[in-house]
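The values are calculated or read from the model by the stated rules, or taken from the named source; none is laboratory data. Keep in mind that what you see is a predicted model, and the values were worked out from it rather than measured. In this analysis, Cβ positions are derived from the backbone assuming ideal geometry, glycine residues included, and neighbour counts consider all displayed protein chains. We work out accessible area using only protein heavy atoms, side chains counted, and drop any ligands, DNA or RNA first. Shrake-Rupley method; radii C 1.70, N 1.55, O 1.52, S 1.80 Å.
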Amino acid sequence: MDKKMDDYISEEERDIGNPSGRGRRPGAGKWLQRRTERTLASMFLVFLAVFCLINLFKGDKTYSESENRMLTQRPEFSLASLADGQFMTDMESYVADQFFLRDQWISLKLLEDMSIGKREINGVYIGKKEHLMEVLDTPDQEALDENLTAIRDFADRHSDRNTVMTLVPNSAYILTQYIPTNAPVRDQSEDIAYVQKAVGDSLHYMDLTETMASHRDEEIYYRTDHHWTSLGARYAFEALQESLGIDASGQEYTVYPVTHEFSGTLASKSGYDKVYDTIEIYVPQSGNTEYVVNYTDEQRKSASLYVSSALEQKDKYEVFFGGNYSRIDISTPSTENTKNLLIFKDSYANCFVPFLIPYYRNIILVDPRYYYDEIESLIQEEEITDILFLYNVNTFMTDNSLADALAVSEDTGTDIPVPSVEADTSDTNAEAAS
């Protein structure tokens, strides 16, 4: 005789889901639980299969506007890359970058993390009063020492030039009042002291820590982005003017807010999009402010430092020069100014340069991350008289490109004459260009 299902179920199992026993069908609770589990598992597998199919057939994106970076593309398979593990590493990055509805999943993960009190998301602190700050990196010690040796040797080769260096502390170190409670923050004063000791007296190092800290209650850093604001750059410029050998005392500025809807890189990385920043540009009111901007590698010129079309895109900080380029030359028609400035920089310099315009005949920006030409020839051909290294601390401590940019090629000599510099007699009362 065939046995019924209930014959295999114990009395204890029959009581599951119906402790009162009234109207109980023996074993129904256990059976229903198992059926529910199978249904949920099947739904999950179907859900996963649908997403895998969508990811398989949808086109890959090459660029993330929200994160302002290139996305990982599908890696090419080879037995060698599979054997050494590189293929699986690349595939993991590819899937993470190209997964369907990726931005929405990031936002969902943020809500989950914040609901349990987590305040560090994807390398970003969710600080007090809606301030986002990047978690500061541990230095790449080998690359750092190579860069510092290269800077010292470079400054020694050009001891007749006025060479100045500064590293801008990052917001997580300066804006301590907004750091989440008990969040660990790297002591950048130790990093700055290490750099200053390494370069020694080969150049003039200017520490901006006190300058920035004295204005920590002002909007000197963006809340949603890792950059400083134009106001922060202004305070730094005023602190650096003596070291640069210029006199900007009494200079006034016309301030234009160009957008109130800036959501920067930290908002994109963390998924926190509840607050926006204002980007301002500062235009000097006196001194020679006419200029031509030459994007040398792109072979195009502009009459403005600013790219208004950037205000229509996600990364509105690119309103300054349109972003980062290997080399940008800024020339003025001034015959009084005879100083030519060379800047080695990261993107922090982009909103700093407008303050320099009235005081130099030519300003040349070099971003070593993208620059591959011979630097000694540039110094000679452009008759460079002044040199400035301007980075934020976090970028500089992990940079691995500066040493190569400063190296002397075998075909280049080091005996480069410095041009004579006459006294700067520029008319500081000249009207600013519109």
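Taking amide H atoms as placed 1.01 Å from N in the peptide plane, the amide H of Ile387 lies under 5 Å from those of Asn162, Thr163, Val164, Leu342, each 5 or more residues away in sequence or on another chain. Taking Glu376, Glu252 and ordering them by how much accessible surface each has at a 1.4 Å probe, largest first, produces Glu252, Glu376.
Fraction of C-alpha pairs exceeding 19 angstrom in the range 249-344: 55 percent, rounded to a whole number. On a per residue basis, the range 132-225 carries 45 Å² of accessible surface, using protein heavy atoms and a 1.4 Å probe.
Counting Lys and Arg as +1 and Asp and Glu as -1 over every other residue whose Cβ lies under 11 Å from the Cβ of Tyr371, the net charge comes to -2.
Scanning residues 5 or more positions from Ile179 or on other chains, those with amide H under 5 Å from its amide H are Lys128, with H placed 1.01 Å from N in the peptide plane. Counted by Cβ distance under 10 Å from Ile179, the other residues give a net charge of +2, where Lys and Arg count +1 and Asp and Glu count -1.
Going by a ≥ b ≥ c, the root eigenvalues of the Cα gyration tensor, does the range 125-228 fall in the rounded group (a/c under 1.5), the prolate group (a/b larger than b/c) or the oblate group? Let's see the in-between values first.
Numbers: a/c = 2.90, a/b = 1.98, b/c = 1.46.
The shape class here is prolate.
Given R₀ = 41 Å, what would the calculated FRET efficiency be for Tyr372 paired with Arg216, taking r from the Cβ atoms and rounding to 0.05? Show your work: numbers first, answer last.
Values: r = 39 Å, r/R0 = 0.94.
About 0.60, to the nearest 0.05.
Listed cross-link partners Lys128/Lys314; Lys129/Lys274; Lys316/Lys345; Lys128/Lys274 are compared with a 22 Å cut-off, the Cα-Cα value being larger for Lys128/Lys314. Whole-Hz Karplus values for the range 145-153 come out as 5, 5, 5, 5, 5, 5, 5, 4, 5 Hz, taken residue by residue from phi with 6.51 cos²θ - 1.76 cosθ + 1.60 and θ = phi - 60°; glycine and proline positions read x. Judged by the mean number of other Cβ atoms found within 10 Å, the most tightly packed of the peptides 242-249, 328-335 leads the ranking 328-335, 242-249. With θ set to phi - 60°, apply the Karplus curve 6.51 cos²θ - 1.76 cosθ + 1.60 along the range 311-325 and write out the HN-Hα couplings as whole Hz, x wherever there is a Gly or Pro. Each residue's phi maps through the Karplus curve to give 6, 9, 10, 5, 8, 6, 4, 6, 4, 7, 6, x, x, 9, 9 Hz. Carbon and sulfur atoms: what percent of the 1.4 Å accessible area of the range 214-373 do they account for? Whole-percent figure for carbon plus sulfur exposure: 42.
Taking other residues whose beta carbon is less than 13 angstrom from the beta carbon of Arg300, and scoring Lys, Arg as +1 and Asp, Glu as -1, yields -1.
Amide H contacts of Met133: Tyr125, Gly127, each under 5 Å away and 5 or more positions distant or on a separate chain (H built 1.01 Å from N in the peptide plane; Pro and chain starts excluded). Phi angles of the range 353-369 translate, via the Karplus equation with coefficients 6.51, -1.76, 1.60 and θ = phi - 60°, into HN-Hα couplings of 4, x, 6, 8, 3, x, 10, 9, 6, 9, 10, 10, 9, 10, 9, x, 5 Hz per residue; Gly and Pro are given as x.
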